[in-house]
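Down below is the structure, laid out as structure tokens.
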Amino acid sequence: MKAEVFKKNREALFKHMEENSIALLFAGKAPKKTADEAYEFTPNRNFYYLTGIDEEDIILLLVKGKEDQEILFIKEPDLELEKWVGKSIRDNEAKERGAFEEIQYTKDFEDELHSFMFKEGIETVYLNLERDSYTQRATLEEEFAKKLKFKYPDKEIKNIYNEIASIRMIKSKEEIKYIREAIDITVEGVELLMKNSKSGLKEYELEAYFDFNCKRRGVKDFAFKTIAAAGVNATILHYINNNSEMKDGDLILFDLGAQCEYYNADITRTFPINGKFTERQKEVYEAVLRVNKKVIKELKPGVSFKDINDKATEWIGEECVKLGLIEDKEDVRKYYWHSIGHSLGLDTHDVGKRNVEFRPGMVFTVEPGIYINEEGIGIRIEDDVLITEDGNEVLTKNMIKEAHEIEEFMK
Ligand code: GLY
Ligand code: MN
Ligand code: MN
């Protein structure tokens, strides 16, 4: 990613900050896994969005005072440790990657922070406070907020999460380039596994073709844990065991995504394990596909997510009536109980309010589904769509989705 992109992101954030304030963002730290092993580190996405840096323990300080100031605090090189774990980022690299002018070491962070708090008349401290649930463990930022409140009780602490989220919702050309790349690799992986589908395999054996494709294309991580759900398993939305046998005559649902430069793809395709739909499977498949296409047609600037989500639920309800599943479309929740999509970007379920009006540069998934437990049929068809000035572009357009195309492809 070009360093200028990160600089621009910081400039956008400065506009949201009050006078005499600072914002602090932390890269984060990988949590312990077991014994002396840690989970793989992944940077806090808001930190990454503003810095382009993906190393542990780094801190970004933005100052909106008499003049705007940006300081990135990196770790002082530890040459002994580096013999074991490799080099940490150097100041010239950090400058280049995120277009920074001032780099300091984290060992000086507290003194530097104090001098701003004490001398520069800072009144507000913004932190990136994200809380998913009441029971979630305290985040690094929440722990830090506690310390700040104790040491500087006269300063106000504010959350800057929503401001960053609103900027992140609109993707730049550079960002879309990486989403496209993640999609391209995902499509290639899905095609590879479709070609290798046959009954008798375990779900994970087919999943392995996608993993292989990601690995050979240099993907470091997935957008999320792959869902490889054959037969009735596809009626469990977040089925991730992926260890059942694939049976002749069943469908298999794959919901997966590669990640490039932390930008994600999120695609679902459902296809017959043996390459040929049964009449009933095709009937349900066509119903889901009609809704997928109808929703995509509606996506354009000015339309609200809520409206389209309500319409999609109604359309799926109507399809369920036609399929003989329910008599009243209001009972649709028996066969479809999620929402029609979500924003996509640095996070798979990307930041930002759910109830937004679409604007050019936003990327949303469209993922209608019908899940019929009693028939062992679960079908979802998920595309990734970029909102443009005059409508939208289906970023996943190269991934086949017509029933006859799938049968042709798998012959
Ligand atoms: N796989 C997560 C989703 O489609 O939202
Ligand atoms: Mn998905
Ligand atoms: Mn999705």
Antiparallel bridge percentage (DSSP; both residues within the chain; nearest 5)
80
Global geometry of region 52-160, whether rounded, prolate or oblate, following the gyration tensor of its Cα atoms and the 1.5 cut on a/c:
oblate
Could you point to the residue in Y48, Y161, F277 farthest towards the positive end of the chain's charge dipole, with +1 and -1 charges on the Cβ of Lys/Arg and Asp/Glu respectively?
F277
Can you list the residues of region 235-263 with backbone N under 16 Å from a point 7 Å past the Cα of K276, pointing along Cα to Cβ?
248-251
Step through the table entries K173/K329; K225/K306; K66/K158; K195/K300, compare each Cα-Cα distance with 29 Å, and write down the pairs that go over it.
K173/K329; K195/K300
Rounded to the nearest 10 degrees, what's the angle between the helix 140-151 long axis and the longest principal axis of the chain, both from Cα atoms, 0 to 90?
30
From the cross-link list K2/K294; K311/K397; K177/K293, the entries with a Cα-Cα span beyond 27 Å are K2/K294
Given axes a ≥ b ≥ c from the Cα gyration tensor, I'd like to know whether region 1-40 is rounded (a/c under 1.5), prolate (a/b larger than b/c) or oblate.
oblate
Stokes-Einstein diffusion coefficient for the chain at 4 °C in a medium of 1.567 mPa s, Rh from the Kirkwood formula over Cα pairs: what value in µm²/s?
56
In debye to the nearest 20, the charge dipole size for the chain, taken about the Cα centre with +1 at each Lys and Arg Cβ and -1 at each Asp and Glu Cβ, equals 300
Loop-located chymotrypsin sites (Phe, Trp or Tyr not before Pro) in region 313-411, at most 12 other Cβ atoms within 10 Å (DSSP)
W337
Rounded to two decimals, what is Rg over Rh for region 154-294 when you use alpha-carbon atoms and the Kirkwood radius?
1.09
Where does each of 4-11, 401-408 land if you order them by average Cβ count within 10 Å, highest first?
4-11, 401-408
Among 120-132, 85-97, the order from most to least packed when residues are scored by Cβ within 10 Å on average
120-132, 85-97
If one compares the long axis through the Cα atoms of helix 203-216 with the longest principal axis of the Cα atoms of the chain, the angle in degrees, nearest 10, works out at 50
Measuring from its Cα centre, region 173-228 shows a charge dipole (+1 at each Lys and Arg Cβ, -1 at each Asp and Glu Cβ) which, in debye to the nearest 20, is 100
For H342, enumerate residues with amide H under 5 Å from its amide H, sequence gap 5+ or separate chain, H modeled in the peptide plane.
T365
Debye calculation, C-alpha points only, no solvent: report log10 I(q)/I(0) for region 148-228 at q = 0.11, 0.17, 0.22, 0.26 Å⁻¹, in the same order as the q values.
-0.52, -0.79, -1.03, -1.21
So for region 44-100, considering every pair of alpha-carbon atoms, how many percent are separated by more than 18 Å?
38
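Here, each number is a calculation from the coordinates, and none is a lab measurement. Being a predicted model, the structure only gives us computed values, none of them experimental. So basically every Cβ, Gly included, is an ideal-geometry build from the backbone, and we count neighbours across all protein chains shown.
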